[in-house]
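Worksheet for the structure shown next.
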Amino acid sequence: MPTFRYHPDPVATGSIRTSAGRCVCCERSRGRIHTADFYTAHEVDGPFCPWCIESTQGPISVR
């Protein structure tokens, strides 16, 4: 699980939860999915995994 500088415990706050769902960026089921709202200038049809958020590939690849 990656670490986030400005959100040190996203699992405890419910922003990231255990899930068998697939990430819309990497299309992998990695056991955790981001569930909180976030800003994006593009329409996103599904959740991101924490690893794509950490690498910033999620916000870039769904354009």
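The values are calculated or read from the model by the stated rules, or taken from the named source; none is laboratory data. These figures come from a predicted structure and were not determined experimentally. Positions of Cβ are backbone-derived with ideal geometry, glycine not excepted, and every protein chain shown enters the neighbour counts. The accessibility values were calculated without ligands, DNA or RNA, using every heavy atom of the protein model including side chains. Shrake-Rupley method; radii C 1.70, N 1.55, O 1.52, S 1.80 Å.
Could you list all residues from the stretch 11-20 that are under 12 Å from CYS49 (Cβ atoms), open to solvent by 30 Å² or more (accessible area, probe 1.4 Å) and not hydroxyl-bearing (Ser, Thr, Tyr)? Talk me through it step by step, then tell me what you get.
Of the residues in the stretch 11-20, the ones under 12 Å from CYS49 (Cβ atoms) are 16-20.
So of that shortlist, the ones also open to solvent by 30 Å² or more (accessible area, probe 1.4 Å) come out as 17-18, 20.
The answer is ARG17, ALA20.
When the stretch 21-32 is examined, which residues are found to be among the aliphatic types (A, V, I, L, M) and modelled with pLDDT of 95 or more?
Those that are among the aliphatic types (A, V, I, L, M) and modelled with pLDDT of 95 or more: none in the stretch 21-32.
Tell me which of these THR56 doesn't satisfy, since it passes every other one: (1) on the phi > 0 side of the Ramachandran plot; (2) modelled with pLDDT of 90 or more.
Unmet condition: (2).
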